[in-house]
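**Student:** Let me give you the structure first, and then I'll get to my questions.
The values are calculated or read from the model by the stated rules, or taken from the named source; none is laboratory data. These numbers come from a predicted model, not from an experiment. Every residue, glycine among them, receives a Cβ derived from its backbone with ideal geometry; neighbour counts consider all protein chains shown. Protein only, heavy atoms only, side chains kept; ligands, DNA and RNA dropped before computing areas. Shrake-Rupley method; radii C 1.70, N 1.55, O 1.52, S 1.80 Å.
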Amino acid sequence: MRTPSLRRLPLATLTAVLAVLCALLGGQLPARAATPSAGTLALDGSHALTWQGHTYTSGSVPDPAHCPPQAQDPDGRTCDRFDLTVDVPAAYWQGNPDGGVPVAIQWPDQNNDFDLYIYDSAGHEVAESAGSADPESTVIPNASGLYHVLVVPYAVTDSGYTATASLPSATTVGQATAISLAADGSYAVQAGAATARIDFTSADVFRLQLAPEGSFTDPAGREIIPDPPSTSKDTREVDAGDHWSVSTSDLTLRIYKNPLRFALYRADDRTLLWQETRGLTWTADAMQQTLSRGPQEQFYGAGEQNGSFSHRDQTVHVANSFDWNEGGYNNSQPFYLSSNGYGVLRDTFAPGVYSFGDPVRTSAQEHRFDGWFMASPHTPDLKSLIGEYTDLVGKPFMPPVYGLEPGDSDCYLHNANRGERHTLDALKVADGYTQNQDPLGWMLVNDGYGCGYQDLQQTGQGLRDRHAQLGLWTSTGLPNQGQEVQAGVRVRKLDVAWVGPGYQFALDGCTQAKQGIEQNSDARGFVWLPVSWAGAQRCGVLWSGDQTGSYDYVRWQIPTYAGATMSGIAYDTGDVGGIFGSDPQVETRDLEWKTFVPAIMTMDGWAASDKQPWRFGEPYTSVNTKYLQLKERLLPYFYTLAAQAHSTGVGAVRPLVLEYPNDPNAWGDAAKYEFLSGDSFLVAPVYDASRTRDGIYLPAGTWTDYWTGRTYQGPTTINGYQAPLDTLPLFVKAGAVVPMWAQGTLSWQTRNTAELDYDVYAQGDSAFSLYEDDGTTRAYQNGASATQQVTVHAAGHGHGATEITVGPSTGSYTGKPAARSYGFSIHVGAQPAVVLLDHRPLPASSWSWDQATGTVHLTTPPESTGSGFSLLLAGAGGI
């Protein structure tokens, strides 16, 4: 196990440590050693400062908590300090692309590593840069007053550093004087020394670039957008006097001349999507776009934003914060979308700040503008925008089916928390899953931080014998990936000590890990990583990092994962109960709702004791087993959702606004702590120690309590919902058709492929298209898959008639059954008088009626998957 460092300490902990140091020093953290030791930035004085840091013969300070008080380190020989005064009013930063004072440290040898932390006069951290980049740079937001700069020599030999801070002045683009059309369909607009370039790539998508000095650069290349679309020539340009218009069949981009500003309309040139209220504005190292905001306009996206999904009136950071708790942003993405029907991707690895006030200001720390703008065709459609975004950065990867089963992670070799063990001891834990009838899909059997492995091939074979796959965790890279995959490794977890720099580094690491599995086996790569950037959805599961399990942890993770879906992230998750453990009730409550999150994992080695699902005893063991077995049964549903995400970009864990965009209660806080799993389930986790849940908002439609069969008519809000420990508040939308494996299924490998169940909630007309393939190989990429359409027509409510049509399974794949029986649970409005299979009455003994839940239960005889059949419930209408 690794020694805890900043990359494992919560920001609040660091803040508390610095506050103690501040108190010991009489309320200040005075600077020493740096030359000079203090400086001032002022509007009527110096706009730039440079200072030279202490030279360290050897420095290995892991974090600020290991910096001694200044009185014990007056010459900065352990950690360096500088006092920075910013003599400007805080309002100065409104509209400034930097949004504050840029501070950077740089050193001559990239083998060294300094970290940068900045605190206000009260000792509260306000900015940091603690990766492995050279230079380290950050921005003091809305800087005004006294700040203490602390430089930590994280891994340094015979090196000093040079630091800079500046008061950036802003320039706004001026008058546009000319527009020209190139042979490839690209438009160039001249505005003084600046040049803008416009490339429509379809009727609904275009790229807008601006180079302040007229020379275009593309530092991201094809890293974020691997296969950029070519410029379309199917546009037309009109000079309308005060502006030029460039139009496609769906959109009109207005280019105002004096000053140069842009506005986007639909094809009618009257329906406004967005408009700049000020021209693009830049400093030496930042670029900002300023847009008007509609009276009810909502904003989503920006990747994984811990604790939030809806951003109106909020400021979000698009960067790598190393803060794993609420407010952190380690898997952010430079993309946002608006309820007006547009989205924006900044094609850059530069950190950014997006402020969704009025006006909307979005900035990136680079001296250029490069944005891809997309609009949903014809009307606002958030799903279409996610699809267009993932058309650019890549669709979510298609996981192996075992990746949707629960995972388990621990260090077995040299685990300081458990005593001496061996890698093969993982098989004993796998046996525990089997003995407790808890499904298990894969195991990480090392830690990567000094915890290696032995007997890898034997361990992999032992896990496969137990219907699980072998995985490894790495903190140092993938030097032996070929041999490890050949030994059976099918799962990779990357960690912050390797991919911690984030941005392109993390994206490259994720790609390398996925390709390593696929180049050395016929399997699909399955990778987890804790920091990332736009494009990571095409290669990995994003993991929210190191947290201590608590009810607060459960609470803020709900909007985090639902919000990530709005950036095309189909797999975003955290450890069940947190990496450092929690009490048994929190573990169970966390597992309950994560049953409806596609990818989950229990991590044991960092907690005080193992926390597999059976470790806490009753009643927790039985409740955990109940939900793990439910998750396993639901795999046909989640696997189909995975295939849909791979095609559309839209993941399973959805904020309500994605399905109910016209319902104001779905836009923000009223539905913040619930989510939809697919479009069928509404999940409202219990995130405190009570046995009731308040504030469950059900949108329009009929909703059935999954456990009791009670129905509710939305829109409505439920308070006082009874939720004892074994009950997750869970509701099913009327019309849902949910495929499930048979009761008692514990593994995708041992399931009975000759049986498939459907849970049907009949109302009106609805349908579900089941997706199937071999589950593990990449043969699906060549068409080896099948779909089966199930349609439901329920005439009337209560008494009436319900007809279910199961179509043939179209397509083929290895292992496809030739025939199977179907078990149905059909929720209807009344007991049927008769049930017909292909127009023939079934004997009354072959079906049953559950009056309490309003459900018909029946099982068909084996039916060929090459042909369809129908069921008719005469006398039973919809719920």
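**Student:** Please state which one of 726, 773, 759 is among the acidic types (Asp, Glu) and open to solvent by 30 Å² or more (accessible area, probe 1.4 Å).
**Tutor:** Selected residue: 726, the only one of 726, 773, 759 that is among the acidic types (Asp, Glu) and open to solvent by 30 Å² or more (accessible area, probe 1.4 Å).
**Student:** Looking only at segment 792-805, count every residue that is open to solvent by less than 30 Å² (accessible area, probe 1.4 Å) and not small (Gly, Ala, Ser) and tell me the total.
**Tutor:** 3
**Student:** Between a residue in segment 130-146 that is under 18 Å from residue 156 (Cα atoms) and open to solvent by less than 30 Å² (accessible area, probe 1.4 Å) and any residue that is assigned to a loop (DSSP other than H, G, I, E, B) and at pLDDT below 90, which pairs come within a Cβ distance under 7 Å, given they are 6 or more apart or on different chains?
**Tutor:** Every condition considered, the pairs that remain are 130/322; 131/320; 131/500; 131/501; 131/502.
**Student:** Condition check: within 23 Å of residue 306 (Cα to Cα), in contact (Cβ under 8 Å) with a residue 40 or more places away in the chain, surrounded by fewer than 21 Cβ atoms within 10 Å (Cβ to Cβ) and of a type in the set (Gly, Ala, Ser). Does residue 338 satisfy that?
**Tutor:** No.
**Student:** Here's another thing I want to ask about it. Of all the residues that make up segment 485-520, how many are open to solvent by less than 40 Å² (accessible area, probe 1.4 Å), among the small types (Gly, Ala, Ser) and either at pLDDT 95 or above or part of a helix (DSSP H, G or I) (or both)?
**Tutor:** Qualifying residue count for the region: 6.
**Student:** Cβ-Cβ distance below 8 Å, separation of 6 or more or different chains: which pairs start in segment 702-718 with a residue that is closer than 14 Å to residue 680 by Cβ and end on one that is part of a loop (DSSP other than H, G, I, E, B) and among the polar types (S, T, N, Q)?
**Tutor:** Listed by first residue and then by second, the contacts come to 702/763.
**Student:** Look at residue 749 and say whether it is assigned to a loop (DSSP other than H, G, I, E, B) and open to solvent by 10 Å² or more (accessible area, probe 1.4 Å).
**Tutor:** yes
**Student:** I would also like to ask the following. Run down 381, 455 and say which single residue is among the charged types (D, E, K, R) and on the phi > 0 side of the Ramachandran plot.
**Tutor:** None of the others qualify; the one that does is 455.
Conditions tested, residue by residue: (1) farther than 18 Å from residue 747 by Cβ; (2) among the polar types (S, T, N, Q).
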{"site": "437", "(1), (2)": "no, yes"}
{"site": "445", "(1), (2)": "yes, no"}
{"site": "449", "(1), (2)": "yes, no"}
{"site": "457", "(1), (2)": "yes, yes"}
{"site": "473", "(1), (2)": "yes, no"}
{"site": "477", "(1), (2)": "yes, no"}
{"site": "485", "(1), (2)": "yes, no"}
{"site": "489", "(1), (2)": "yes, no"}
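**Student:** Okay, next question. Looking at segment 339-350 only, could you name the residues that are within 22 Å of residue 94 (Cα to Cα) and either assigned to a strand (DSSP E or B) or out of contact with any Pro (no Cβ under 9 Å at 6 or more places or on another chain) (or both)?
**Tutor:** 344, 346, listed by residue number.
**Student:** So which strands (runs of 3 or more DSSP E) stay within segment 6-106 end to end and still have 2 or more residues that are under 28 Å from residue 350 (Cβ atoms) and at pLDDT 90 or above?
**Tutor:** 33-42, 48-52, 80-87, 100-106
**Student:** Can you tell me which residue among 781, 851, 789 is touching a Phe, Trp or Tyr at 6+ places or on another chain (Cβ under 9 Å), open to solvent by 10 Å² or more (accessible area, probe 1.4 Å) and not β-branched (Val, Ile, Thr)?
**Tutor:** 789
**Student:** Looking only at segment 272-281, decide whether some residue is in contact (Cβ under 8 Å) with a residue 24 or more places away in the chain, assigned to a loop (DSSP other than H, G, I, E, B) and either under 27 Å from residue 101 (Cα atoms) or β-branched (Val, Ile, Thr) (or both).
**Tutor:** No, that holds for no residue.
**Student:** Here's something else I'd like to know. If residue 249 satisfies all but one of (1) part of a loop (DSSP other than H, G, I, E, B); (2) in contact with a strand residue (DSSP E or B) (Cβ under 7 Å, 6 or more places away or on another chain), what's the number of the condition it fails?
**Tutor:** With respect to (1) part of a loop (DSSP other than H, G, I, E, B); (2) in contact with a strand residue (DSSP E or B) (Cβ under 7 Å, 6 or more places away or on another chain), residue 249 is out only on (2).
**Student:** Next up: Do you know which residues across segment 202-244 are among the polar types (S, T, N, Q) and in contact with a helix residue (DSSP H, G or I) (Cβ under 9 Å, 6 or more places away or on another chain)?
**Tutor:** Residue satisfying the conditions is 202 alone.
**Student:** If you don't mind, there's one more thing I want to ask. State all residues of segment 527-544 that are closer than 16 Å to residue 394 by Cα and polar (S, T, N, Q); if no residue qualifies, say none.
**Tutor:** Selection gives 532, 537.
**Student:** With respect to residue 304, is the statement that it is of a type in the set (D, E, K, R) and more than 18 Å from the chain's Cα centre (by Cα) true?
**Tutor:** No; evaluated as a whole, the condition is false for this residue.
**Student:** Among the residues of segment 113-129, what is the count of those that are in contact with a strand residue (DSSP E or B) (Cβ under 6 Å, 6 or more places away or on another chain) and either open to solvent by less than 10 Å² (accessible area, probe 1.4 Å) or without any contact (Cβ under 8 Å) to a residue 60 or more places away in the chain (or both)?
**Tutor:** Qualifying residue count for the region: 11.
**Student:** Out of the residues in segment 274-284 that are of a type in the set (Ser, Thr, Tyr) and open to solvent by less than 10 Å² (accessible area, probe 1.4 Å), state the one that is nearest to residue 668 (Cα to Cα).
**Tutor:** Here the answer is 281.
**Student:** Can I ask one more? How many of the residues in segment 285-308 are assigned to a loop (DSSP other than H, G, I, E, B) and either buried (at least 24 other Cβ atoms within 10 Å of the Cβ) or modelled with pLDDT under 95 (or both)?
**Tutor:** 4
**Student:** Sticking with this structure for a sec: Is there any pair with a first residue in segment 188-208 that is within 10 Å of residue 229 (Cβ to Cβ) and of a type in the set (Gly, Ala, Ser) and a second that is assigned to a loop (DSSP other than H, G, I, E, B) and open to solvent by less than 10 Å² (accessible area, probe 1.4 Å) whose Cβ atoms are under 9 Å apart and which are 6 or more apart or on different chains, and what are they?
**Tutor:** 202/248
**Student:** Could you list all residues from segment 596-624 that are buried (at least 19 other Cβ atoms within 10 Å of the Cβ), small (Gly, Ala, Ser) and modelled with pLDDT of 95 or more?
**Tutor:** 599
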